[in-house]
1. Please give the calculated 222 nm ellipticity per residue for chain C, where each DSSP H segment of at least 4 residues contributes -39500 (n - 2.57) and the sum is spread over every residue; nearest 500 deg cm²/dmol?
2. Using only Cα atoms, locate the centre of the range B:103-124 and the centre of the range A:82-100, then give the distance between them in Å, rounded to an integer.
3. Label-to-label distances across copies for A:PRO16, with labels 7 Å out along Cα→Cβ, in nm, shortest first?
4. Any idea what the dipole of chain B comes to, in debye rounded to 20, about its Cα centre with Lys/Arg Cβ at +1 and Asp/Glu Cβ at -1?
5. Work out the FRET efficiency for A:ALA15 and A:ALA146 from their Cβ-Cβ distance, taking R0 = 45 Å, and round it to the nearest 0.05.
6. For Cα pairs less than 8 Å apart in space and 6+ apart in sequence, what is the mean separation divided by the residue count of chain A, i.e. the relative contact order in percent?
7. In chain D, which helices (entire DSSP H runs) extend 30 Å or more along their own long axis, judged by Cα positions, while averaging at least -0.5 on the Kyte-Doolittle scale?
8. Tell me, A:CYS177, C:CYS45 in order of fewest to most beta-carbon neighbours within 10 Å?
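What follows draws every value from the coordinates through simple rules; no lab data is involved. None of the values given here were measured: they were computed from a predicted structure. So basically every Cβ, Gly included, is an ideal-geometry build from the backbone, and we count neighbours across all protein chains shown.
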Amino acid sequence: MTVQPVFTKSLQAMAPAEYRLHARSWLAANLPAHMRADSTDWRAPALEESVSWEARMYRAGLAGMTWPVEYGGHGLTLREHLIANKEIGAVMMPESAGSVGKELAGPIIMAVGTEDQKQAFLPRILTLEDMWCQGFSEPDAGSDLARLRTRAVPHDGGWRINGQKIWTSGASKADYCLLLTRTGTIEDRHKGMLMFAVPMSTPGIRVVPIKSIDGKVSFAEVFFDDVIVPDEARLGAPDEGWDAAIRVLSIERATNRMYRPWRFETELRALLRGLKSDPELAVLLDDGAVRDRIGQVLGQIDALKGFVEGSVEQLLDGAQIGARGSLSKLYWSECHQAFAGLALDLVGHVTPRSSGLAQRIRDHFTTAYLFARAETIYAGTTEVQLDIIAQRILKLPKDLQK
Amino acid sequence: MTVQPVFTKSLQAMAPAEYRLHARSWLAANLPAHMRADSTDWRAPALEESVSWEARMYRAGLAGMTWPVEYGGHGLTLREHLIANKEIGAVMMPESAGSVGKELAGPIIMAVGTEDQKQAFLPRILTLEDMWCQGFSEPDAGSDLARLRTRAVPHDGGWRINGQKIWTSGASKADYCLLLTRTGTIEDRHKGMLMFAVPMSTPGIRVVPIKSIDGKVSFAEVFFDDVIVPDEARLGAPDEGWDAAIRVLSIERATNRMYRPWRFETELRALLRGLKSDPELAVLLDDGAVRDRIGQVLGQIDALKGFVEGSVEQLLDGAQIGARGSLSKLYWSECHQAFAGLALDLVGHVTPRSSGLAQRIRDHFTTAYLFARAETIYAGTTEVQLDIIAQRILKLPKDLQK
Amino acid sequence: MSSDDHGLLPAELAEAARPAIAEARGKPARDAARILAEAGLTGVCAQEDDGGMALGLSFALAIAEEAGAGQLRFPLLDQILLAQAFAGQDIAGRIAAGEALGVIGWEGARDGLLRLSDDCDCDVVLVPTGQGADLIERAGLTATPTPLLDPDAPQIWLDVGAARKIGSLSGEQMADLRRAGEALYGGFVTGAAANALALSSDYLAARVQFGRPLSSKQAVRHHLARMKLLLEMSRAALARSLARDELGNPRDTRPAFLGAVGNAIWTLEKAIHLHGGMGFTWEVPLHYSLRDIRKIETAFGAGRLARQVAQDFIRAA
Amino acid sequence: MSSDDHGLLPAELAEAARPAIAEARGKPARDAARILAEAGLTGVCAQEDDGGMALGLSFALAIAEEAGAGQLRFPLLDQILLAQAFAGQDIAGRIAAGEALGVIGWEGARDGLLRLSDDCDCDVVLVPTGQGADLIERAGLTATPTPLLDPDAPQIWLDVGAARKIGSLSGEQMADLRRAGEALYGGFVTGAAANALALSSDYLAARVQFGRPLSSKQAVRHHLARMKLLLEMSRAALARSLARDELGNPRDTRPAFLGAVGNAIWTLEKAIHLHGGMGFTWEVPLHYSLRDIRKIETAFGAGRLARQVAQDFIRAA
């Protein structure tokens, strides 16, 4: 652990209202204009700028809230996690460059890692000293992990890995890959799954970038050809590791990116401000159809806020979160995707003679519309979420009842 | 054959444009105001009024267009059928009281009946002297006819029938039931299906009306307890009859109620006229959201018109109609149901101080909204139609291809 | 939430209310009022001096959902709201006791005409005015029913031009009552949707086609899953709308109400569709809820409300 | 339909056009123009004196659908329309021959700015005016690209304040051209949707999950069935919009165009979704069609058009 968070003690002593005020004022004072998507000063941040900003947020107590202090966290509760997320949602800051580490690798290491692994990995995730990428998906295996083909076989006290991963976001900038493999044959299906923390500098790893619809290169295919790792790279025992990871992930799905409904509202406000900044565009907002849609979006946002807050209450009460994450992910993705379509329609009226802010908003929501295509796909498609709700929440029978 | 159509000869000599003019002017001159749903003189027609009106339409050459002259038809082509349907669609006349006879029993008898049966039944369907009801559905068998339980067993040179039917529209006013039974056991599934023309006066038939969501009693359950019919009541041979019927029905599905898109447009116009008739309501039509929806509906109507006209062209060219009926039924039912929702929203603004026409339109579309609930259900639900499109039109594989 | 709830949870009260709601269902309005009053429901938010239980609105919300699920066709929510709003006045006690019946005409009168979802032959009617609201006597006023949407319980146009005023609410009181009304009616339609989902799930699990229940078909499962999704979102939004914001101010209840109504309409229409032929019979009771929800949508002027919500947000953005 | 079509059917011409469209795809605009002109496509509706084939618009519609399906990113439809509209003028022959390039700015200029979906470094631009349209020279005009929707083929704002006018269309000519343009661009987006459906069907039949192709899942099947439904409805509406009505008058093409655009957007967005992760890669070409359709939607001012259609119908009702 190299960096001590600057506010640890005082953060833990803060009442919720104080913590909220701290988060709000810190962000207002520290987020540079060029990182605000609703500022005419905006420009695409370089990786090092994102990393540095996120490391600062962490030191200010706005990342790693619930992680234990001994692993670099702030030792706070889900209540502060929610408060921070609301404030993060209230500003148009860039998406996290270190989310795979913070949302995926960290919690899994916390659940199944050895004490040495926790000490080694966790603090460096929060300080952004280590960047992680996710190695779960394969070209031929989406939600059907029985088709996973990347294999790990014992080799000289360690493991030899061969296979191919896809949709590995941030692979080219990552220090480690959270890699899912199988040790048995494909006939073993869900058995024999094994996870690793693989340094991306290991020989035999090749990263092939994938250009996505919004013109960015944030994904990659990653090829593993006879990649040798020591046994210390293993996360958990075979089977045990993956099962624990599944449990962790279902909680994570409900607690990750809690800022979404608040950000959604901020985006709506940014869109409206952009249009209002130009009298020729402002009249668009007098239209009945536009108002109907805005009214609808506001109801959706309120529902999502209530749902997230309810989830936190339930978790704080010690309840199982179950498949609630499927409900919020599905609802957010569909509502937000539809909103992106509305925004695209509206910013289509912006011309080179429109205000600077209107042009900024046009650029932002044009890209947002394209990127929103992915929202109903990643982290479980709409259809997967609906299947989960039918199966695990409604428990609808597929066969005749006795 | 008791009634000779009055225009037969001249109808057959008419050019399409003449026939269109004839249909248009005849309807304008003959449809009483109290049968026009968009007239303040409207009142619910009594059964005998509907029967008399439909018989007159037939004599005027506006029903039975494509049926052969020897069975009371007008011996015209599908082209005239389409022309008549367009003109029928252009006025807000009541739905046919004899549609089961004209759309279902007639075409099936034409396809599988004996010459005696054709002579006996077909002309009286067109003159409305005989009313028919449909006996296909059963409480436990919807689209899965393998579950059909009504049985016919040989009895004294005729047949004894036991079972129960449901959704039998017009059962209480019908003279005959077009009854689907099985002669074998339920394990024979689709085999051993047999159809009958059963006089509703036969002892052992009991009709129990079903009240529907719009407050009308147009459906019934029909119970058959040891109903004895002579062999002459049989329509076609076992299996053969039903298979032919299925083929007939797929054509019928594409050619029945061709007036729908034109009626749809007429309904939209009636809604608008009703609202325009009152200055306080007319302003509703200046609203952007309302205009967007109207623009959308107009596009849907144009598509349905083009699709129906295209189907007629194809049939006239001798093409197989295949599953095209699924496309038009599905599209019409969903678009029309959504339109009914829009109409309900708009007529919700009508008050007792509104114009008489506005109040008429409110009443009409309130009932229409309720009845529209059935449109995505009867004649094959949305899901059944989508399954048919996937299976028979797109031929999407369900199993791995070799 | 009231501090004087004796550790009672809203869900527990709703559970306890269920038998009374079931008993009141289908009864004439006066009888229903007595049954519900005896169970403490009409006065759930009324002051103890008025014979009420003085519980918070979250309790009333739970009861509202229960009433929607139980298809109670009696204006229980109006009784709850009026008994609370007229605290300390004679009418509050009489309503809480089930002795007087009141209904609320949410949109206010236009050209002297007030629309009511169902007037239940009531004693008093609350008529919102530009500022606040007037409580008027129902007796002697001319009513024009429009029965087509709901023949059993027609919407009524009441001519309130010559009404006798017997009480009033200030602008602030009416704003409170309107917020509470939006949340409670949102709860009612959400309960109706929950019931429709339950009926549909049961029906489709029991209905067999090609050797398997219809609930085994993915299209059916996804429809039901969407109903569940919307149900939980409505509940989340409504519960939140009743809680104070971070600064202790009341929240805007309109988006939650509008969302709940839209979700409930979708759910009921889809439930009727999924019931196939049974769905549009009078016998399967789904249609009652659809009528109720549509009447509530109209009563609150949902279309206009949505525009206002948007306009307020746009203005403040 | 032209009477001089030598028994050729539109579908046959479209089939014959396919190789040229495939060859032109991805080529620089000038090269594409030559390839398409050699195949007779740019002049399909132009007069024979102008080097055209003098075929009816139903032939151009079939080609438009083929171009959409083949993801041709070259303004072939504008060439067809301009070569027909300027019949007998020098520019028509040069466009039909692929020697000159023209594009149409459907919405007309506002404050001197004209939006083009892609200007392809063209020679001439058609600018609708209050009545009719002006043909102007492209050379020397300032262009501001807005590349975010389509980096490969950015939308362009052209400053036409000081443009040199070299031709014009009367109000009636422009109305004809606009109708034809709506039908043809409707055909283009419908072709794009047809291609998306075909790609999706193939992909989902080949993609295996839990031992079966994804196309065995009812939810997937229903999505694809809906694409097919909308596709056939778009085609039916467009074909009808080009046929004269019973009185021999031209039909309103706007509803069919708007329907086709809405259906195509739905189809492309859904196709991308159904392709899963592959769908939002640059490699799977669905996104090109989505960009094209969105640009066409914007170019014609589809939102404004829908309002006009409704307004005209309301007025006439």
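1. -17500 deg cm²/dmol
2. 73 Å
3. 7.3
4. Working: 46 positive and 50 negative charges, 98 e Å.
I would put it at about 480 debye.
5. Computed FRET efficiency for A:ALA15 and A:ALA146 comes out at 0.35.
6. 14 percent
7. Numbers: long enough: D:171-206 (52 Å, 0.25); D:218-242 (36 Å, 0.12).
Result, helices passing both filters: D:171-206, D:218-242.
8. Details: A:CYS177 27, C:CYS45 24.
By the 10 Å Cβ count, ascending, the order reads C:CYS45, A:CYS177.
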